[in-house]
Amino acid sequence: MLAGVLLVALAASGAWLWWNYRPDRDQWIRTLHQVTAIALLVVALALVVIAILRRARTGASGIVAAVGVFVTVGAAYVLGRLLAWDALGLHTAVRDMAGVDGALSSAVVVVSIDGRQVTPSTYEVWAYSHLVLSGLAVLALVMVWLRCRERSASA
């Protein structure tokens with residue numbers, strides 16, 4: 001249940017950041033996204049610990065799924081930290097660039113993140129990898145939930 005609430009909050013704040021993020025405004029939504037991602041990472045770690053303890057006590061399976069959740073959530077978290085750009089170098093004057101989507105525009109020459117410059121193609125790989133890993137994390141969490149539901153129904 002907690003993981004589901006966290007996923008909804010991450011999806012909503014992530015969608016907003018994808019299209020509207022700017023470093024000079026609305027930092028609360030970025031902070032909400034970061035705190036929620038950390039909370040989901042803690043939940044994923046707790047799933048691994050619980051799976052290991054259950055395995056040791058009762059021989060229950062589920063460690064691989066729990067580790068899958070932790071790895072995908074962790075990787076999505078790391079890549080997500082790379083998406084908050086500070087400034088964009090542009091080919092042409094553009095009135096209003098916002099969001100990850102704006103940083104993927106063909107007008108962008110360079111993306112500045114924490115004072116370091118990366119190419120738009122590198123940024124694009126990070127952005128789409130974050131989306132793919134986030135989807136895999138959701139899938140892994142659903143698999144763990146189905147496994148637990150199946151186990152409780154058969155008990």
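The values are calculated or read from the model by the stated rules, or taken from the named source; none is laboratory data. This structure is a prediction, so every number in the text was calculated from the model and none was measured. Heads up, the Cβs are rebuilt from the backbone with ideal geometry, glycines too, and the neighbour counts pull from every protein chain shown. Each accessible area value is taken on the protein alone, full model and side chains, heavy atoms only, with ligands, DNA and RNA left out. Shrake-Rupley method; radii C 1.70, N 1.55, O 1.52, S 1.80 Å.
Hey, can you grab everything whose amide H is under 5 Å from the amide H of Tyr21? Only 5+ residues off in sequence or another chain; H modelled, so Pro and N-termini drop out.
For Tyr21, whose amide H was placed from the backbone, the distant partners under 5 Å are Gly99, Val100.
Counting other Cβ atoms within 10 Å, which trypsin sites (Lys or Arg not before Pro) in region 1-87 have at most 11 and lie in a DSSP loop?
Numbers: sites: Arg25, Arg30, Arg54, Arg55, Arg57, Arg81; in loops: Arg25.
Qualifying residues, ordered by number: Arg25.
Below 8 Å, C-alpha to C-alpha, sequence gap of six or more: please give me the relative contact order for the chain in percent. The partial results should precede the final answer.
Numbers: 172 pairs, mean separation 38.9, N = 155.
So the answer I get is 25 percent.
Counting only protein heavy atoms and a 1.4 Å probe, tell me what percentage of the chain's accessible area is made up of carbon and sulfur. Intermediate results must be reported in sequence, preceding the final value.
Working: 6140 of 9160 Å².
Taking all protein chains in place, the chain shows 67 percent carbon and sulfur surface.
Can you compute the charge dipole magnitude of region 54-151 about its Cα centre, using +1 on each Lys and Arg Cβ and -1 on each Asp and Glu Cβ, nothing else charged? Give it in debye, rounded to the nearest 20. The partial results should precede the final answer.
Numbers: 9 positive and 6 negative charges, 169 e Å.
In debye, rounded to 20, region 54-151 gives about 820.
In the chain, which whole DSSP H runs stretch at least 18 Å along their own axis (Cα) and average 1.6 or higher on the Kyte-Doolittle scale?
On the way: long enough: 2-20 (27 Å, 1.51); 27-58 (46 Å, 1.29); 63-81 (27 Å, 1.88); 120-154 (51 Å, 0.59).
Correct list, ordered by number: 63-81.
Grab the eigenvalues of the alpha-carbon gyration tensor for the chain, scale each by 5, take roots, and send me the semi-axes largest first in whole angstrom.
Whole-Å semi-axes of the equivalent ellipsoid: 37, 14, 12.
How do the peptides 45-52, 119-126 rank, highest first, by the average count of neighbouring beta carbon atoms within 10 Å per residue? Present the calculation step by step, with values, prior to reporting the outcome.
Numbers: 45-52: 16.8, 119-126: 15.2.
For the peptides 45-52, 119-126, the packing ranking is 45-52, 119-126.
Can you tell me the Rg and Dmax of region 19-71, counting just the alpha carbons, in angstroms?
Cα radius of gyration and Dmax of region 19-71 are 16.5, 53 Å respectively.
Considering every Cα-Cα pair within region 69-155, what fraction, in whole percent, is farther apart than 23 Å?
39
Any idea what the dipole of region 7-123 comes to, in debye rounded to 20, about its Cα centre with Lys/Arg Cβ at +1 and Asp/Glu Cβ at -1? Walk me through the intermediate numbers first.
Working: 9 positive and 6 negative charges, 105 e Å.
Its charge dipole is roughly 500 debye.
With the dipole of the chain worked out from charges on the C-beta (+1 for Lys and Arg, -1 for Asp and Glu) around the Cα centre, which of Leu53, Leu79, Trp145 lies farthest toward the positive end?
Looking along the dipole axis, the top candidate is Leu53.
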